[in-house]
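Just so you know, all these numbers are worked out from the coordinates, no wet-lab data involved. Computed from a prediction, not measured in an experiment: that's the story for all the values here. Please note: Cβ atoms are built from the backbone with ideal geometry, for glycine as well, and neighbour counts cover all protein chains shown.
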Amino acid sequence: MGQVLNGLTELQSVENRLRAAKAKLNRCRRSVIIQENQVRNLQSDLEAKKDEIQLTKIQSDRLELELKTRDDAIAHLRASLNATKTNKEYAAVLTQLNTTKADNSKFETQILELMKTIEIDETQCEEIKTQIEEQKQKLEQIRKDAESFAVKYETEIDQIQKEWDKVAKTIPQEPLEIFKRVAETYDGQAVAQVEIQNGGIYSCGGCFMGIIAESVNVLMTKDDVIRCPNCTRIMVLSASRED
């Protein structure tokens, strides 16, 4: 390969390292975001559970008030029972009294179930609070580690970027601009080696589509930028193929 294609090949190598370093920095920062989301999710769970408890208490208070009203009705029926003058009146009031007592028993059962639910939910709230504190401590540690690693990765990125700029200066403007555009399209992979398949068929190492022999011949004899007609990557020959 000539100076241009050699430069593009070298630039691709540096580009790979630069993107890898940036990916490590992004993962480092993303780990903090993920942990922050974990804490926020737990806090949302806690608020939702508190809302459930509040609604259950409102329901329980309503039933308590209804039960008190019905207890007053029972007291009134008992007084009426003592004041009855005939067996028929006595039987009618007694039936109403027993029905009210039975209904009250159902209310009491519902209230007990609601109180049990509140107790369970409050226990779950305490468990979530414990989890929040644990995750907050974990978040602080992740932040400290992330800050430490970020300094390291940023230094590495600066060093590789300088190397990238140095190599880029050896490449003419037009091929360099092509490299940049294709690199943005394919996540940094702008250069692809020509591969030879069984039967002597050439293909692009990026998209694996066939390449005509004429293009390979140009790469063997000239220092021209030849792009894959399918994926538009810049094609180069491997060192063994040039030999």
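Using only alpha-carbon positions, what ratio does the radius of gyration of the range 113-243 give when scaled by 2.2 N^0.38 Å? Each step should come with its number before you reach the end.
Details: Rg = 27.6 Å, N = 131, 2.2 N^0.38 = 14.0 Å.
This ratio for the range 113-243 stands at 1.97.
Just to verify a number: FRET efficiency for Ala20 and Lys169, C-beta to C-beta distance, R0 = 22 Å, to 0.05? Before the final figure, lay out each step's value.
Numbers: r = 22 Å, r/R0 = 1.01.
Step by step, r from the Cβ atoms, then E = 0.50.
Looking at the range 168-231, which trypsin sites (Lys or Arg not before Pro) are DSSP coil and have at most 12 other C-beta atoms within 10 Å of their C-beta? Kindly include the intermediate steps, with their values, before the conclusion.
On the way: sites: Lys169, Lys180, Arg181, Lys222, Arg227; in loops: Lys169, Lys222.
Taking the range 168-231 and a limit of 12 other Cβ atoms within 10 Å, the loop trypsin sites (Lys or Arg not before Pro) found are Lys169.
When only C-alpha pairs under 8 Å and at least 6 residues apart count, what is the relative contact order of the chain, in percent? Before the final figure, lay out each step's value.
Values: 220 pairs, mean separation 78.1, N = 243.
Once normalised by length, the contact order is 32 percent.
Among Thr185, Thr56, Val4, flag the residue with its Cα farthest along the positive direction of the charge dipole of the chain, charges on Cβ as +1 for Lys/Arg and -1 for Asp/Glu.
Among Thr185, Thr56, Val4, the one farthest towards the positive end of the dipole of the chain is Thr56.
What whole-number distance in Å separates the alpha-carbon centres of the range 168-243 and the range 73-145?
So the separation of the two Cα centres works out to 77 Å.
At q = 0.10, 0.13, 0.16 Å⁻¹, what log₁₀ I(q)/I(0) does a Debye calculation on the Cα points of the chain give, no solvent, two decimals?
-0.74, -0.91, -1.09
Please state, to two decimals, what the Cα-based radius of gyration of the range 173-242 comes to when divided by 2.2 N^0.38 Å (N = residues).
Values: Rg = 11.7 Å, N = 70, 2.2 N^0.38 = 11.1 Å.
In units of the globular-protein estimate, the range 173-242 measures up at 1.06.
Strictly under 4.7 angstrom between C-beta atoms: which cysteines of the chain have no such partner?
Cysteines of the chain left without a disulfide-compatible partner: Cys28, Cys125.
Within the range 59-147, which trypsin sites (Lys or Arg not before Pro) sit in a loop by DSSP and count at most 16 neighbouring Cβ atoms inside 10 Å?
Values: sites: Arg62, Lys68, Arg70, Arg78, Lys85, Lys88, Lys101, Lys106, Lys116, Lys129, Lys136, Lys138, Arg143, Lys144; in loops: Lys85.
The qualifying sites are Lys85.
Using Stokes-Einstein with the Kirkwood hydrodynamic radius over Cα pairs, what translational diffusion coefficient do you get for the range 114-175 at 4 °C and a viscosity of 1.567 mPa s, in µm²/s rounded to a whole number?
Values: Rh = 16.3 Å.
Roughly 79 µm²/s, to the nearest whole number.
Taking 24 Å as the cut-off for C-alpha to C-alpha distance, list the pairs among Lys138/Lys162; Lys49/Lys136; Lys49/Lys106 that go past it.
Values: Lys138/Lys162 36 Å; Lys49/Lys136 19 Å; Lys49/Lys106 26 Å.
Over 24 Å Cα-Cα: Lys138/Lys162; Lys49/Lys106.
Taking Lys101 as the anchor, which lysines have their alpha carbon closer than 23 Å to its alpha carbon, excluding any fewer than eight residues away along the same chain?
Lys101 reaches Lys68, Lys85, Lys88, Lys116.
Under the 0.36 nm per residue contour assumption, what length would be gained going from the current alpha-carbon distance of Leu94 and Ala150 to full extension?
Details: separation 56, 0.36 × 56 = 20.16 nm, distance 8.14 nm.
That works out to 12.0 nm of additional length.
Pick from Thr69, Thr130, Thr86: which is most flexible by mean-square fluctuation in a GNM of the chain where alpha carbon atoms under 10 Å apart are linked?
Thr86
How large is the convex hull of the C-alpha atoms of the range 57-105 per residue, in Å³? Display every interim value, and only then the final one.
On the way: hull volume 2.3 nm³, N = 49.
Measuring per residue, one finds 48 Å³ for the Cα hull of the range 57-105.
Mind listing the long-range amide H neighbours of Tyr202? Cut-off is under 5 Å, sequence gap 5 or more, other chains count too, H placed in the peptide plane at 1.01 Å from N.
Gln197, Ile211
If the viscosity is 0.692 mPa s and the temperature 37 °C, what Stokes-Einstein diffusion coefficient in µm²/s follows for the range 40-174 when Rh is the Kirkwood radius over Cα pairs?
On the way: Rh = 21.6 Å.
Taking Rh from Cα pairs, D becomes 152 µm²/s.
Report, to two decimal places, the Cα Rg of the range 1-69 normalised by 2.2 N^0.38 Å (N = number of residues). Please list the in-between numbers first.
Numbers: Rg = 29.4 Å, N = 69, 2.2 N^0.38 = 11.0 Å.
Here the answer is 2.68, to two decimals.
What does the charge count near Ala73 come to, summing +1 for each Lys or Arg and -1 for each Asp or Glu among other residues with Cβ under 14 Å from its Cβ? Show your work: numbers first, answer last.
Values: positive: Lys68, Arg70, Arg78, Lys101; negative: Glu66, Asp71, Asp72, Asp103.
That sum, taken over residues with Cβ under 14 Å, equals 0.
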